[in-house]
Structure formats: C-alpha cells, structure tokens
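Shown next, in structure tokens, is the structure this report addresses.
The values are calculated or read from the model by the stated rules, or taken from the named source; none is laboratory data. Quantities reported herein were computed from a predicted structural model and do not represent experimental measurements. Note: ideal-geometry Cβ built from the backbone for every residue, glycine included; neighbour counts use all protein chains shown.
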Amino acid sequence: MIIQPTSLAALAWAGAASGSAAESWRIGTVLSARPLGINPDGMMVLQIGALAVETEAPKGQLPSQFQVRVLTLGAQPMLEVISAQTPEPAMQQAMRERLPQQNGYAPLLATLDALSQRPALRQLPAYLRPALAMLEHGVRTPAEITRGEGLEEAIKRSGLFLESQLAEPHLDMAGLSQEDWKGALLRLASLLDDYLPARRPAATSNETPPPLQQRGVQAQPRAPLPLSLLDDDVDALLGRLHGEVHAALARVEVAQLEATTTSAWMIEIPLQGEDGHDILQIHLQQQGDTDSGSSWTLGFAIDLPSLGPIQGELQLRALRLSVRLWAERADTVQRLEQQFGTLRQTLSASGLTLDQLTCQQGMPQLSGQHSAILLRTTA
C-alpha cells in the first residue's frame, strides 16, 4: 500500500520541509505512523512522523500502529506502508532505487544534438562513436510513426519490451541491440562508465516525482542546453551525457516495473523533429473484456515547437471509437479541426464507427485514473 501526499498545503509543507521534520523525511527513511480517526469530510487522519496528514479511506483496515518508508520527496512525496516483519519485495526495492535516478529524455536528446554538431567528436575513441550513432539510430522519424506498422515497431523497440524479446527463441541479438532504445542506452552507458570512470552519475534532483503512470501522459518540451556547454568542450558534454544516459535507463526501468503490476504501458518514443528532437509519450491500457469484446484506451502527448503541447485520448470498444484532443494554442486547435473531415473518411473506410471527435483549447486536468493504488493525502 502506498500513501502519497498529493495536495499538501503549500505553507504547511514548506514549513515542515525547512524545519526539524524535514530531517526525518528523507528517501529510504522509515517513519512510525498511526491512524487518528475520521474527520468531518470523511478523510482519514494519520500521524506520520511529526506531521499529521489526511488520506482517502483505504479499502483495507490499517493497524493501530504501523511504519512507512519514504519513497520520494518533493511537492508530492510517496510513502510505502511496510511491516517490520516482512522484507521489502525486490520489485519495490528496485522502484525505490530507480525513482530518484530517473529523468526524462529531453536533456539527453539536447546533449546528443550538441555532440553531433561538434567537429571534435571525431577525436573520440573509435569504440565510443558507434555507440553514439546507435543511440541516434534509435530515434524515430515522423514518417515512421505516422504509419501503423511504423508506430508498432517504435513501441516494440522503445526499450519497454527488451527483456521479453531477449527470451524469444531464434533471436537476432545483434539486430535487437542496434534497434532497441534500451539496448542502445545500456551499451552507451557501459562504454561511458569505462571512458569516464571517475564520474559516477548521481540522482538528478532532490525532488523525486512519482512513477510515470501515477502522473498520466504529459507533453514534454525540448530541453535547452546550458549556455556553459555551448562551446567546444566535448569532454564536458560527455560528462553530462554520462549522467543523462543513466537517468534515461532508470526511466525505462521504472516504466517496466510499473507494467508488471497492471495491464497498462507507459511508452516514450524519441522523435527526430525540425532542428532538434521531440518526445511522443503514449499510455496504452486494456480494460476487462465486455460482451462486445476488449476495450482499449490510448492516451498520447507531444510538444512540438510548431504546434505547442498537444494531448489526446482514443477509446476503442469493439469497432466504436471516441477521440478527444486538446491543444494549448488556439491556432493549433483550428489546424487540427481542419483535418477532421479527412479523419472521419479514413475511419469510416476502415470499418470503425466514430462516436466522438472533439478538440478543445487548453490542456486537460490530470485525473486520478492512473493512481488507483495510491492513498491521496493532505497535510
């Protein structure tokens, strides 16, 4: 069971974070906890360490005293309810270790862009240049992902399914390592560890966000490269790349760990855009079988320089499809709506019945559909 303070009062949490209570709220720390009762709003009040928090009433009954382990910090920390007699499951331990290390792909892609423009890159050891090229080869093009088979291949090679593919008989391991995003990250990380042995990557931030599926799909803009790295210091760029490759690996592994506990997948696909790289994030979930067959929901988000943040949700039940789109910019909404006629014709020709097709300005509020296993708490 996980407790997540998701809407702590800003002043209360800031005060706690700057006072003595912050000393006990560190990642990995085990705190004592006990329920205090139910308040008039129907929320359960818990005392955790030196703080009192509110939480949605859990499905099961909490003991009169128990312990929690701090998994992440930041504006929305996560606490895991543990038992002193029960050892920590390996999967939860792996998640706790990787969450502080993980980071999005945008910084990594920005560094790759900078390195590709440096003439001094040719002076790198011969064994390192092919590994960099292999990682860049894993970046998909818009033409690839706008075709059904191309998108399927991009999802398959996103790194989320690497180990399951390695278990397949008659596998072309050399081909897989060149095509799979995680495989390319692993190879480059190993080579950079040897090339920069004194520079061990550290956690990316003291504020650790929750796992990807807890956050829902989010459009991710490009990350600007710090001005201090815009010179010809290739070694400094490689030092930055070293940490970012390990952070990207941890992000893939967080998504893999999440996928073991639910019939949903959070997939991130790096794309080659105009004068840079972009990131397509996809959330794919299968609902329980119904009388008319399986039901699927596909959410996606992308932030393109020419269009701004865009988010969408497609719900498919048998042959009936609902499509909802959101765009931050008004002109982007108009551009998308101009394509609705063509989209309706294409879907009709494919045998699908379109129940809904809308596009709204503004990004949707994050819902709690991906946080069913969490207890939402407030201070």
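Tabulated data
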quantity	calculated
Residue in segment 110-119 that is at pLDDT below 80, in contact with a Lys or Arg (Cβ under 8 Å, 6 or more places away or on another chain), closer than 28 Å to R240 by Cβ and in a loop (DSSP other than H, G, I, E, B) present	no
Odd one out for Q102, checked against (1) surrounded by fewer than 21 Cβ atoms within 10 Å (Cβ to Cβ); (2) not in a helix (DSSP H, G or I)	(1)
Which numbered condition S158 fails, given (1) assigned to a helix (DSSP H, G or I); (2) hydroxyl-bearing (S, T, Y); (3) under 17 Å from the mean Cα position of the chain (by Cα)	(1)
Close pairs from segment 270-285: first under 11 Å from Q220 (Cα atoms), partner at pLDDT 95 or above and among the charged types (D, E, K, R), Cβ under 6 Å, at least 6 apart	I279/E268; Q281/E268
Residue in segment 297-313 that is surrounded by 15 or more Cβ atoms within 10 Å (Cβ to Cβ), aromatic (F, W, Y) and touching a residue at least 40 places away in the same chain (Cβ under 8 Å) present	yes
Test: R122 is closer than 28 Å to D235 by Cα and basic (K, R)	yes
Conditions (1) farther than 24 Å from G216 by Cα; (2) free of Cβ contacts under 8 Å to residues at least 60 places away in the same chain: number failed by L112	(2)
Only one of L151, L109, L115, L132 that is buried (at least 16 other Cβ atoms within 10 Å of the Cβ) and in contact with a Pro (Cβ under 7 Å, 6 or more places away or on another chain)	L109
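Listed here are the residues, each with its yes/no results for (1) out of contact with any helix residue (DSSP H, G or I) (no Cβ under 9 Å at 6 or more places or on another chain); (2) at pLDDT 80 or above; (3) not assigned by TED's automatic domain parsing to the domain that holds Q214.
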position: S18; (1), (2), (3): yes, no, yes
position: I27; (1), (2), (3): no, no, yes
position: V30; (1), (2), (3): yes, yes, yes
position: I38; (1), (2), (3): yes, yes, yes
position: G42; (1), (2), (3): yes, no, yes
position: F66; (1), (2), (3): yes, yes, yes
position: T72; (1), (2), (3): no, no, yes
